[in-house]
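Report on the following structure.
Just so it is clear, none of the values below were taken in a lab; they were calculated from the coordinates. These figures come from a predicted structure and were not determined experimentally. Neighbour counts are summed over all protein chains in view; Cβ atoms, including those assigned to glycine, are modelled from backbone coordinates with ideal geometry.
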Amino acid sequence: MCDLCKYKKRDSGFSCGGISPKSDTFNVILRNIFVNHYIVIGLCYIHDIELFRIGEKRFLKKYAHFAVHTARGECGSKVKKR
Ligand SMILES: [Zn+2]
């Protein structure tokens, strides 16, 4: 399940229309949260495309509360060192 949809308490399978039921999340690397670290999160098809369209900086600005939630590692994200 998508980490952002889980944070917003939405059903990602329903919002994406069941496009890819086997791999319903795409692993995405966010590089602008910490210096010299990156975070791997899982996003659904809709949020993956939104991240691609508006870019990571605007995406994190739009979902600032989710970024803080992710940086704390509360949504199952993995903080890794570069
Ligand atoms: Zn999502």
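Does Asp3 fit the bill of being within 14 Å of the ligand (Cβ to nearest atom), touching a residue at least 60 places away in the same chain (Cβ under 8 Å) and out of contact with any helix residue (DSSP H, G or I) (no Cβ under 6 Å at 6 or more places or on another chain)?
Taking the combined requirement at face value, the residue satisfies it.
Looking only at segment 65-79, decide whether some residue is more than 10 Å from the ligand (Cβ to nearest atom), touching a residue at least 60 places away in the same chain (Cβ under 8 Å) and among the β-branched types (Val, Ile, Thr).
Looking through segment 65-79, at least one residue is more than 10 Å from the ligand (Cβ to nearest atom), touching a residue at least 60 places away in the same chain (Cβ under 8 Å) and among the β-branched types (Val, Ile, Thr).
Is it true that some residue in segment 29-46 is within 15 Å of the ligand (Cβ to nearest atom), without any contact (Cβ under 8 Å) to a residue 24 or more places away in the chain and closer than 18 Å to Cys2 by Cβ?
Within segment 29-46, not a single residue is within 15 Å of the ligand (Cβ to nearest atom), without any contact (Cβ under 8 Å) to a residue 24 or more places away in the chain and closer than 18 Å to Cys2 by Cβ.
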